[in-house]
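These notes are about the structure you will find just below.
Each reported figure results from applying straightforward, stated rules to the coordinates on display, with no laboratory input. Please read these numbers as outputs of a predicted model, since none were measured by experiment. Here the Cβ positions follow ideal geometry from the backbone for every residue, glycine too, while neighbour counts run over all protein chains shown.
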Amino acid sequence: MVQENYLRKFVAPEFIYGSGARLLAGRYAKNLAAKKVLIVTDPEVMNLNILVELEGVLIEQGLEYEIYSSISPNSRDEEVMNGSEVFNSEECNLIIALGGGSPMDCAKGIGIVSSNRNHILEFEGVDQVPLPSPPLICIPTTAGTSADVSQFAIILDSIKKVKIAIISKTMVPDVALIDPFTTLTMDKTLTAHTGFDALVHSFEAYVSNASSHITNLHALDSIRLISSHILPTITDLQNQQFRSKMMLGSLEAGLAFSNASLGLIHAMAHSLGGLLDLSHGKSNAILMEHVIDYNFSEVPEKYLKIARAMGIDQNGLSLGEKKDSLLNFIKNLKKEAGVDTSLKKLGVREEDFQSLALKALQDPCIVTNPRRPSAEDIEEIYQNAF
Amino acid sequence: MPSDDYQEWDTLREKIIGLGEHSIQKSYYPKLQEQLKELERFKTLLDHSNDAIFLIEVVSGKLMDLNQSAYNQLNYEYSDIIKRSIWDLIISKDHSEFKKIFTISNRAQDESKWTLETQFLKKDGSVIPMEVSLSLVIFSGEKYSVMVARDIKERLIAKEALKKSEDYYRAIFENSSAGMIILEKDTTISLANSEVESITNYPRREIEGRKTIKYFLSPDNLEDITGIHKTPVGESVKEEYETDIIDRYGNKKHVFITLAPIPRTDKHLASILDITDRKKAEEKIKNSLKEKEVLLQEIHHRVKNNLQIISSLLNLQTSNIRDPLDLEIFQESQDRIKSMALIHEQLYRSRDLASINFAIYIQQIMSHLFYSYTFKDKNIKLKLELEDINLEIDTAIPCGLIINEVVSNCLKHAFKGKNSGEIKIVFKEEKGLHHLTISDNGIGFPLKKMEKSTSLGLKLVQMLVDQIEGELEIDSKMEVNNSGTSFYIKFQELQYKKRI
């Protein structure tokens, strides 16, 4: 669906990739005229040395800081509002997010709530944020969400029990300090989940009907990097070489999907994530081949390029066989990475499918899916993944 | 959010790409510019304020910022004054007051404000009196003072003028020879001057704010005065009362109270004049006058009695007189005395003891003369046309004698050989002159003969007319069908000659 005469835009933060990038946080904060920094992180990171390092570099620059870490694995609306309260009452003027997708999404939320003085749920949807947040520096500690480079923030509406997407270029952080070193602490499961999260980002960005030449470059390269390194990384968690490749793959996935947006997998996963407090990576992974199966006929040549990037040998196969070989490759990859579960196993009930489908249709990610699904289509996909 | 409408999905896709209104760029610059503009506007606002506004770093006393009005009023350029010490700009005797405030509070949340009056020093060393409102604030951990100063030169001048005026009116109020009080709406006395102290014998502190006007009013007069304070507010109707008040020792004092509302208030100003002594003097004069009136009445009475006695003595002597001419002379004298006695009689009966109603007098004297000259065979009629005119004794006695002479003469001579006749007396006032005409329709007489006449009667008439500074005209006709005599006298009432 890439049409060269469409307007396409590419927005990315200033980012530094490489070992030691995390240690530049102090200098960047100082450069962005910080006086007092709000560090947004999660309880897991509180116990890690990377937080101590961050505090050190801030102190080195003579900067005061406050830590906000009351964040659950899927950041919730009230956590954003409380964080914003801390930001204001402590008179902070810059935010550093340190952690995975949840603290980074929460940090983005705190930023726009502070500058716009509005409830976080008011920003739901696309381009609903009038004022950019105070300067935001992201230091990702997982290789998956890419919130550090993206225009997305996913927040749980704790009353409606649905994950809302806030999509706005004003949410792209000012600086991303992408340091593979920070991902060394991830265990097998988290590595697998975040890896698949990144892989799905690239898949969806590539087949997105808002993709562009630049996003395609990043998406395909990201698919190549992740699919070839995910299994080796899981088996060798301390391998910095592998971790770097995974981090690079995640970064490229982020650059791609932040600009080309996503598709049906994310729309359906967001819907699921609101119902059950599921890991985002896991729900993506479960739905992956079922959505591809549904989408394939709309953009077959794109999926074939993906298959090539994944190193699948499809010589001499018919289109149908090519599709099957892709789906099988993915199923296999999932199995080996240990994320081959089903919705049923996760506790989803069949009677939820209808409402899940309706919620998925409301998700902005669905707009860029290459094939336009009906509610029944979506219900059927959920059924397949059951 | 997405719906079934393809168009809407396309629009949404545009926005996702980053072409939406808010996402067209991510930059702090437009917002920054907007805020700078807002600051600029705010600065303009501050600069155009009439008040001088200063931001002072408390520890160093340095002027960190100030508005245009501040440096203009002090005749400085901005660059000359910024970072100067505030102590160079305020007269030194007030420094301690400011320093006291600067050290009072170290709390950031303290919202107290202090107001001082001081004098600022201009660049040329001259001073401006200013009222300064001070507050303490903390920016980035540093303590500052925000001072808002206002030129109060005009206000001080006005205050001084007001004080002068106040002193002026207070002096008038205080030094008035009348007691002055200000009454509140409920008649409480809120202000009293020293004269009130001497009238009531209460010290001011026991009156002001503590007593009402009614407290002093004599119970007998309370009724009259209940309306004393009912004048509607705003109507500048002056009311006057003469009444009694009771002082501290129970003495009754007669006072004259003038009550006037004070414009634009619900208060009244009352001036109290102690007229007790004047009243007593008046009483004394009245009594003395009364005594004198009685005395005068008595004198007139005695004069009349004495004249009566003289008349009686003459009457007694007539019994020894044989000659009818002599008898006539006696008779004439008696009539003259009678005419005078009648005046005194009427005087002591009159209200003012100084003048008599001359019309009544004429009737009385006519009645006496007609009685004296009774003619058995003659029918003489009297016709009177008299206006109610009062004459004082100096004019009344000569006039009375004139009428007596003329009418007696007329009765004796005018109707010789006639059975009937008429005497007419007209007395009227015209244009401030009295006109007395006595005429008869008798036989008349030759005027030439009269001029040569030596009779006392006519001489007397001429003399008396001269005495009252009048003019006499006599006319007499002796024709068969048209005869008679008339005396016309025109005169003015004589100025009452003061005897004391």
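Values for this structure:
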item: Chain A pair-distance distribution - Cα-Cα, 10 Å bins, rounded %; result: 5, 26, 35, 24, 8, 2, 0
item: Acute angle (nearest 10 degrees) that the helix A:280-295 long axis makes with the longest principal axis of chain A, alpha-carbon atoms; result: 30
item: Whole-number Å³ per residue for the convex hull built on Cα positions in region B:283-491; result: 132
item: GNM result for chain A, Cα springs below 10 Å: residue of A:L319, A:L275, A:L262 fluctuating most strongly; result: A:L319
item: For residues of A:363-373, the mean tally of beta carbons on other chains within 10 Å; result: 3
item: Shielding by partners, peptide A:210-218 (average Cβ within 10 angstrom, other chains); result: 1
item: Separation of the B:Q308 and B:I275 label points, Cα + 7 Å toward Cβ, nm; result: 4.3
item: R0 of 56 Å, Cβ-Cβ distance B:E422-B:K284: FRET efficiency to nearest 0.05; result: 0.50
item: Residue order, fewest to most surrounding Cβ atoms within 10 angstrom, among B:R155, B:R13; result: B:R155, B:R13
item: 3J(HN,Hα) from dihedral phi, region B:247-258, Karplus parametrisation 6.51/-1.76/1.60, rounded to Hz, x for glycine, proline; result: 8, 3, 9, x, 6, 8, 10, 8, 10, 10, 10, 10
item: Size of electric dipole in chain B: Cβ of Lys, Arg +1 and of Asp, Glu -1, about Cα centre, debye, nearest 20; result: 1880
item: Phi to ³J(HN,Hα) by Karplus 6.51 cos²θ - 1.76 cosθ + 1.60 over region B:53-64, Hz, x for Gly, Pro; result: 10, 10, 10, 10, 7, 4, 4, 8, x, 7, 7, 8
item: Cross-link pairs beyond the 30 Å C-alpha cut-off, checked among A:K108/A:K305; A:K36/B:K37; B:K93/B:K153; B:K338/B:K381; B:K238/B:K290; A:K108/A:K188; result: A:K108/A:K305; B:K238/B:K290
item: Shape category assigned to the protein assembly as shown from the gyration tensor of Cα positions, a/c cut at 1.5; result: prolate
item: Inter-centroid distance (Cα atoms) of region A:89-113 relative to region A:131-175, Å; result: 9
item: Ellipticity estimate at 222 nm from DSSP helix runs (n ≥ 4, -39,500 (n - 2.57)) divided over chain A, nearest 500; result: -16000 deg cm²/dmol
item: Kirkwood-Stokes translational diffusion coefficient of region A:123-178, alpha-carbon pairs, 10 °C, 1.306 mPa s, µm²/s; result: 132
item: Share of Cα-Cα pairs in chain B lying beyond 40 Å, as whole percent; result: 66
item: Net length gained if the chain between B:L327 and B:K99 were fully extended (0.36 nm per residue, minus Cα distance); result: 69.5 nm
item: Whole-Å distance, taken between Cα centres, linking region B:52-79 and region B:263-293; result: 69
item: Average beta-carbon neighbours from other chains, 10 Å sphere, peptide A:7-19; result: 2
item: Candidates A:V200, A:V52, A:V339, ranked by Gaussian network fluctuation over chain A, Cα under 10 Å, top entry; result: A:V52
item: Of B:L269, A:A192, A:L54, farthest towards positive along the dipole that unit charges on Lys, Arg, Asp, Glu beta carbons give the protein assembly as shown; result: B:L269
item: Share antiparallel - DSSP beta bridges, chain A, percent rounded to 5; result: 20
item: Percent of beta bridges antiparallel (DSSP, the protein assembly as shown, rounded to nearest 5); result: 75
item: Whole-number percent relative contact order across region B:328-464, with pairs defined as alpha carbons under 8 Å at least 6 apart; result: 25
item: Rg over Rh, two decimals, region B:246-336 (C-alpha only, Kirkwood Rh); result: 1.59
item: Helix axis angle, A:77-89 relative to chain A longest principal axis, alpha carbon, degrees; result: 20
item: Candidates A:I112, A:I95, A:I159, ranked by Gaussian network fluctuation over chain A, Cα under 10 Å, top entry; result: A:I159
